[in-house]
Each structure stands twice: as C-alpha cells, then as structure tokens.
Amino acid sequence: MKSNFEQIVFDKLNESENLYSPLVIESIIKEPDLSTNRNNFRPDGLLKVSYSGVTLQLMIEIKSRTAPKYVLNAISVLEQLSKLSELNNYIPTILVPYLSENIINILESKNMCGLDLNGNYYIKNKNIIAIRLDKKNEYKEKATIRNVYSKNSSVVGRFLLNQNKAYSKVSEIYEGIKKLNGEITLSTVSKVLNSLEEDLVLSKEKKSMQLLQPGKLLESLQKNYSPPSPLKILRLKLPEFRNEKEKVLNEYFSNNWIFAGESCADVYSSTPPISMFTVFLKQTDIPKMFIEKYADIRFYNTTLLLLSASDNYVFFARNNNYASKLQTYLELTQLDKREKEIAMDIKKEILDEFKEQ
C-alpha cells in the first residue's frame, strides 16, 4: 500500500517541477543507495530544491496517512537517518498528502520540515525559511467514520472520559457504553478506538487500552460538539420548581427525557438555580392533552426540544433526569461568558479523575 503511494508521489514530483513554486525542484532520487545502509535503512527519497540562489537538500520520508501516529513514526525514522554521515547535510522532511494544522504543530515541536502533494511546504532551517500553506487539499483521506469526536460516534470518547480505567477488550468498552445508554455498534466502537489510537489519544498495548491524553480528547469533543437539531420545539409553562417539572414530564414521557446540560449547571457547580429550563425529549409522540395543558408561548418557563435518533448522544451517561457532567460542560462552552466560566470548573473536575495518584 505504501509503495503504491510512493509511486504516486514520485510521479507527481517528476511531472510538476513547479509544484512548490517559487521553490524549483532540481533533482529527485528515489530510494538512494547508501554505503552506510544497513538492513535496507534509507530515506524514501532525496530531493534537491532551489530558490533565489539557495539550494536545499531534503531527505524525505513518505507517509500516505496524516494521523499523528504516522507522522511521529516518520519523524522517528528521519531522526535515525539524520545520524548517518552521508545524510548530515540533508534536511529531514516528511511528505504527506496534506499538511494540516495539526501536522504543522507537530513539525514545529520536533524541528522538522514537511511537504505535501498539493504544493504546500513548511521548511525552516539555518539557511532559509520557506512556508506556503494556502493550497487546498485535493488528496482527502477516506475515513471509515467522518468524525469520531462528534454526534453519536462521540459516545466512545465520552465513555473513556467517564472513568480512569484500562480495558482489555473492545467488547468490554462496547458493553460499558451500552449500559450507559449509548446507541452504537461493536464495529463502530472498534473503528473509533483505532482512530483515537492514530490521534495518540488512546494507547493500545499488550491487550490494554487506556487514555493517553484525556485533555486532548476533551478538547476534541468540545471543538467538534454539535448541538442537536430538534424536530420540534415547544414552549411550555410547567410548575415552577424543578422537582414538580420532573413529575409532569415523567408522567407523560417516562424516562425518555432529560434536562439539557445548560439547565444542569447548578447540579455540577456552585451556581444559583435557574428559572428557565431546556428539556431534551427522545423522538416520540407528544400527547395532544400535554400540549393543550402546558403549551404557552407567552409565559413559558421551559423549552422542550424533540430530538431524532441522530441526536441520542446527548442522553449518554445521563444522571437520572439530568444531562451528564460531560454533556453539561460541552453545552456550557457554547454559551456566554458566565456559562463558559462554569464550564471551566466542570472541566477541571472531569480531568482531575485522570491525575496520577
């Protein structure tokens, strides 16, 4: 698989000498022979580029995947190659389909350089700084799951943040998710875990799976959080106190509802109780009697959002009739300054679970 991608790379480089314009490709050597080469240990290629009288010699390690796991693997290879005397004057450079912001951050932290197949480049050394990152990505990877940090796929990450624990089997995580009302298949759990490993969020070693970077996982869930898209919105005038609202909602909807995270701030932090509530309701028929009795668009104190199955992630790890602590955090980060401050307190509580004992 890698050799096929390597051929695509070298075909592209040979056909497009202006790919990295204004840098000019002067020469390309594929899999160079080295006198110091042992066990076929050599770079994927040597690339000579020039600009305004300055010539740069790059040794390149090619990766067809852009996940951090593969980028760091390429960097490790380049670090070893840099120790070979024949390559002392070559700049270690990874070549990937696309130089994403995430990859650039890794390259910066490791003092490495990078190229992609779109014509973007990030080269920094003592002789020159050459950066171009405005070319669009025409080599998008085919992902089995579009975004493992969003919607119903996010329940895997949410589950891992629920408890600081190592797991021996994918099925153990799957069963744990099901117990917390997560609606997901075993195969999807497996695919999400693989993606989390590639992102260096999860460690999978010696039949043990455990979070490596809970903070990074929580940040990814927050950045990719999508509020539910309700099928229907009802404005209701329910009893004033929360416990009385619960009685009414339980009477009509059993356990198919929760107070949304934005209405649970006082449950997980020391903040005053609210007067306006938001309720999530799983897709169901809303009795006509309920609407006639409680609908009130002028004096409402509760907003009910009827959700489809695609939004069931908000119910994951529910706390009786309340959204989970994590769901509450995610919702509060989408709101105003005061709510964001409360969210930071809840975030600390979530991550404190993963501090070394």
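The values are calculated or read from the model by the stated rules, or taken from the named source; none is laboratory data. Just so you know, these numbers come straight off a predicted model, no measurement behind them. When we count neighbours, we look across all protein chains shown, and the Cβ atoms used for this are built from the backbone with ideal geometry, even at glycine. The accessibility values were calculated without ligands, DNA or RNA, using every heavy atom of the protein model including side chains. Shrake-Rupley method; radii C 1.70, N 1.55, O 1.52, S 1.80 Å.
Remarks
- Glu244 among the acidic types (Asp, Glu), within 35 Å of the chain's Cα centre (by Cα) and either open to solvent by less than 80 Å² (accessible area, probe 1.4 Å) or under 19 Å from Phe316 (Cα atoms) (or both): no
- Restricting region 200-225 to residues that are outside any helix (DSSP H, G or I) and open to solvent by less than 40 Å² (accessible area, probe 1.4 Å), the residue that is nearest to Leu335 (Cα to Cα): Tyr225
- Some residue of region 138-159 being under 30 Å from Ser52 (Cα atoms), open to solvent by 60 Å² or more (accessible area, probe 1.4 Å) and either touching a residue at least 24 places away in the same chain (Cβ under 8 Å) or among the acidic types (Asp, Glu) (or both): yes
- Members of region 15-38 that are at pLDDT 90 or above and either exposed (fewer than 12 other Cβ atoms within 10 Å of the Cβ) or hydroxyl-bearing (Ser, Thr, Tyr) (or both): Tyr20, Ser21, Pro22, Ser27
Residues are listed down the side, and each one gets a yes or a no for (1) more than 22 Å from Arg235 (Cα to Cα); (2) aromatic (Phe, Trp, Tyr):
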site: Phe253; (1), (2): no, yes
site: Ile258; (1), (2): no, no
site: Ile286; (1), (2): no, no
site: Ala295; (1), (2): no, no
site: Thr303; (1), (2): no, no
site: Ser310; (1), (2): yes, no
site: Ser324; (1), (2): yes, no
site: Tyr329; (1), (2): yes, yes
site: Ile350; (1), (2): yes, no
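- Within region 198-210, the set of residues being over 15 Å from Phe159 (Cβ atoms) and touching a strand residue (DSSP E or B) at 6+ places or on another chain (Cβ under 6 Å) comprises just one member, Ser203.
- Test: residue in region 59-74 that is aliphatic (A, V, I, L, M) and in contact with a Phe, Trp or Tyr (Cβ under 6 Å, 6 or more places away or on another chain): yes
- Pro239 open to solvent by 70 Å² or more (accessible area, probe 1.4 Å) and without any contact (Cβ under 8 Å) to a residue 60 or more places away in the chain: no
- Residues in region 64-83 that are free of Cβ contacts under 8 Å to residues at least 60 places away in the same chain and either among the aromatic types (Phe, Trp, Tyr) or under 23 Å from Asn194 (Cα atoms) (or both) were compared, and the one that is surrounded by the fewest Cβ atoms within 10 Å (Cβ to Cβ) is Ser76.
- When Asp336 is tested against (1) closer than 20 Å to Tyr268 by Cβ; (2) in contact (Cβ under 8 Å) with a residue 60 or more places away in the chain; (3) not basic (Lys, Arg), only condition (2) is not met.
- Glu6 vs. criteria in contact with a strand residue (DSSP E or B) (Cβ under 8 Å, 6 or more places away or on another chain), open to solvent by 70 Å² or more (accessible area, probe 1.4 Å) and either among the acidic types (Asp, Glu) or free of Cβ contacts under 8 Å to residues at least 24 places away in the same chain (or both): no
- Pair list, Cβ < 7 Å and 6+ apart or interchain, from region 282-305 residues that are within 25 Å of Glu183 (Cβ to Cβ) to residues that are small (Gly, Ala, Ser) and surrounded by fewer than 17 Cβ atoms within 10 Å (Cβ to Cβ): Gln283/Ser308; Gln283/Ala309
- Answer residue from region 39-63, given it is of a type in the set (A, V, I, L, M, F, W, C) and under 13 Å from Ile123 (Cβ atoms) and is surrounded by the fewest Cβ atoms within 10 Å (Cβ to Cβ) among those: Val54
- Looking only at region 84-123, residues that are without any contact (Cβ under 8 Å) to a residue 24 or more places away in the chain and open to solvent by 70 Å² or more (accessible area, probe 1.4 Å) come to 6 in all.
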